Amino acid sequence: MTYLEGIVSFFQQAVGVISSFRISDFLDICLVAFVVYSVVKLVRETRAIQLFKGILLFAVVYVVITVLEMQASSYLFKSVASNAIVCLVIIFSPEIRHALESVGRRSLTSLSPFNFSKNSREMVNEKLNNMITEVCRCVSSMSEKKIGALLVFERKTLLGQVIETGTAVDAEVTEELLGTVFFPKTPLHDGAAIVRLDRLAAAGCILPLTKNNELSKELGTRHRAAIGMSEESDAIVVVVSEETGYISFVEKGKIKRDITSAELRAILQEHLIVKEQEKSNKLTGRIASIFKKKK
């Protein structure tokens, strides 16, 4: 077959595929793309990324020992690989449950890139603004009185496992409620309060401590727990020091100490309230960055 005949054959096959292309095929491709995207997003935004690296290393080692015909090691790795699906379900069970919870909490309109419910968005933003106002008032008061507090604000990564370690509350966030929760020597005082949207989901929750040994020795258990929580999720955390009364903000393992209540309000509004114009700008920015990389 000559080069020209090969090109003609390729285009004939392409025309045949296009002519037999059905709507169901398009939907099939979209579904597979959505599943792959969801898996990648899940791995990227949770602790699963570390487990994924370990599995990738396991696969590389398995290939090496197979090529080198290392019989003992090969037998061991084959035994593990034969039950790989079960192992993956066990290892990633928290992430799988979080993904299913996330899908279950979303409506059909929220799954679509087009959300026409403008009034609904405004109502949610209003509730979030009220929640932020109550939080800032309470935090400012506790800072003046040097009352320790630890507040976690859930975002994309669901914190169902963390909520289960505390006492369920599911109440509207108010200054009085938070003041009661963190009042000294009460049962829930030493734990963390989890805020989901505009409601207090739970209190007295246990957070994972950071394993970063390079942190300042001035940081106590609350601050280390706040940093640990921000390292394992995309949550943002607010801490009030019982010793100094300083207000701290923690995100992605980074801590910003001694901020004012006004600064805290601006930070919470920036991170928790996403306006439609900002969403559009982010999407435009991502598309522009893709074209820049191609140039």
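Checked against (1) within 22 Å of the chain's Cα centre (by Cα); (2) closer than 22 Å to ARG257 by Cα; (3) hydroxyl-bearing (Ser, Thr, Tyr), THR157 passes all but condition (2). If you check ILE96, ILE90 for being outside the structural domain of GLU242 (by TED's automatic domain parsing), modelled with pLDDT under 95 and surrounded by 14 or more Cβ atoms within 10 Å (Cβ to Cβ), only one passes: ILE96. Taken together, VAL139, VAL181, VAL135, VAL173 contain a single residue that is within 22 Å of PRO208 (Cβ to Cβ) and either in the same structural domain as GLU232 (by TED's automatic domain parsing) or modelled with pLDDT of 95 or more (or both), which is VAL181.
Every residue, every condition in (1) under 20 Å from HIS271 (Cα atoms); (2) in contact with a Cys (Cβ under 9 Å, 6 or more places away or on another chain), yes or no:
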| residue | (1), (2) |
| --- | --- |
| GLU154 | yes, no |
| VAL162 | no, yes |
| GLU172 | yes, no |
| GLU175 | no, yes |
| PHE182 | no, yes |
| PRO187 | no, no |
| GLY191 | no, yes |
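Screening the candidates VAL250, VAL240 for the property of being modelled with pLDDT of 90 or more, surrounded by 19 or more Cβ atoms within 10 Å (Cβ to Cβ), of a type outside the set (S, T, N, Q) and more than 21 Å from the chain's Cα centre (by Cα) yields one hit, VAL240.
Meeting the requirement of 2 or more residues that are closer than 22 Å to GLY253 by Cα, among the small types (Gly, Ala, Ser) and touching a residue at least 40 places away in the same chain (Cβ under 8 Å), the helices (runs of 4 or more DSSP H) wholly within the range 130-242 are 221-232.
The values are calculated or read from the model by the stated rules, or taken from the named source; none is laboratory data. What you are looking at is a predicted structure, and each value in this text was computed from that prediction instead of being measured. With ideal geometry, Cβ positions are generated from the backbone for all residues, glycine too; neighbour counts draw on all protein chains shown.
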